[in-house]
Amino acid sequence: MHAGEEGGADYIWVALDILKIKRIDHGNNCLQDEILVKEIIKRDLALTVCPLSNTALQVVSDLKDHSLKKMMDLGLQITINSDDPTYFGGQVNQNYIDTQKALNLTKKDLHQLAKNSFKYSFLKENKKEDFIKELDKYYLNNK
Ligand SMILES: [Zn+2]
């Protein structure tokens, strides 16, 4: 469910309570509401964050001020994504590269973000495990 990029935390509550969603697209503005953050963590929902879309739409004016790392530190499950790259610029790799530079993300952070993208995808469980195994192996060999 697409909620909480430009809209506020109240939109995310509606998505949670009425629509019984499994994943929140964007969700940046959950940070306005501490109880909502706890609820998202409790329900183990991922937020598919799109940093370059966020700067294009002026949700944040500079990527250096993006809350992605703060969200991770709070215990939210975050993934990095592109969002209509034709409009907002940047495929998923560019989102990773620019966000890593702006927020000084570590290899450990990037590993977690990539892992989440499989864990919270809609793939079958055995497929998720295969991809995560491959990712973990790559991470361990390139730490
Ligand atoms: Zn979007």
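What follows draws every value from the coordinates through simple rules; no lab data is involved. Quick caveat, the model's predicted, so the values are computed rather than measured. Neighbour counts run over all protein chains shown; Cβ positions are idealised from the backbone, glycine included.
Tabulated data for the structure shown
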read-out	value
Within the chain, helix-based [θ] at 222 nm, where runs of 4 or more DSSP H residues each add -39,500 (n - 2.57), nearest 500	-15500 deg cm²/dmol
Chain lengthening between Lys20 and Leu57 when straightened (0.36 nm per residue, less Cα-Cα)	10.6 nm
Ser121, Ser61, Ser53 arranged by Cβ crowding within 10 Å, fewest neighbours leading	Ser61, Ser121, Ser53
Surrounding net charge for Trp13, when Lys and Arg each add one and Asp and Glu each subtract one, Cβ distance under 14 Å	-1
Selection of trypsin sites (Lys or Arg not before Pro), the stretch 1-107, meeting DSSP coil and at most 10 other Cβ within 10 Å	Lys20
Stretch gain in nm, segment Glu125-Lys143, where the contour uses 0.36 nm per residue and the Cα spacing is subtracted	3.9 nm
Extended-chain gain in nm, criterion 0.36 nm per residue less alpha-carbon gap, Ile35 and Asp65	8.5 nm
Cα gyration tensor shape for the chain, rounded if a/c is under 1.5, else prolate or oblate	oblate
Vicinal HN-Hα couplings computed from phi for the stretch 114-131 (Karplus, 6.51 cos²θ - 1.76 cosθ + 1.60; Hz; Gly/Pro x)	5, 4, 4, 5, 7, 4, 9, 7, 9, 6, 5, 3, 5, 5, 4, 4, 4, 5
Inter-part distance where the stretch 88-136 and the stretch 4-38 are each reduced to a Cα centre, Å	21 Å
Residue order, fewest to most beta carbons within 10 Å, for Thr106, Thr79	Thr106, Thr79
20 Å Cα-Cα threshold exceeded, pairs from Lys107/Lys127; Lys64/Lys101; Lys115/Lys137	Lys107/Lys127
Residues His111, His2, His66, His26 arranged by fewest to most Cβ contacts within 10 Å	His2, His111, His66, His26
Summed residue charge, Cβ within 15 Å of Thr99's Cβ, Lys/Arg positive, Asp/Glu negative	0
